[in-house]
1. Return the pair list, or none, for Cβ contacts closer than 9 Å from residues in segment 8-20 that are on the phi < 0 side of the Ramachandran plot to residues that are surrounded by fewer than 10 Cβ atoms within 10 Å (Cβ to Cβ) and outside any helix (DSSP H, G or I), at least 6 apart or on different chains.
2. Can you name every residue in segment 5-25 that is assigned to a loop (DSSP other than H, G, I, E, B) and surrounded by fewer than 10 Cβ atoms within 10 Å (Cβ to Cβ)?
3. Return the pairs, sorted by first residue and then second, in which the second residue is surrounded by 10 or more Cβ atoms within 10 Å (Cβ to Cβ) and in a helix (DSSP H, G or I), the first residue lies in segment 21-43 and is free of Cβ contacts under 8 Å to residues at least 12 places away in the same chain and hydroxyl-bearing (S, T, Y), the beta carbons are less than 8 Å apart, and the residues are 6+ apart or on different chains.
Amino acid sequence: MQRPPRSPDEPLLPKSLVIWSVLQGGLALLLTGGVMVTASSPAPMACLQTRCARSRSFRSCWSSSA
């Protein structure tokens, strides 16, 4: 214990750290929510299901010529 103890009036977490943590959490929430909304929208899945239903090979689902 080379440092003196923290003052009882000093907060455990500095205000700047709390603000930075809230910003990071909000950004993570927005990115995750955006991925979830995009993945659950019916348009991309309908396109893939239509293309894959025509030919049951994986390669034809992802190639640009199909």
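Rule-based calculations on the coordinates, nothing more; no lab input. The structure displayed is predicted, hence computed values, not measured ones. All Cβ positions, even for glycine, are placed from backbone atoms using ideal geometry, and neighbour counts span all protein chains on display.
1. L12/R6
2. P5, R6, S7, P8, D9, E10, L12, L13
3. T38/P44
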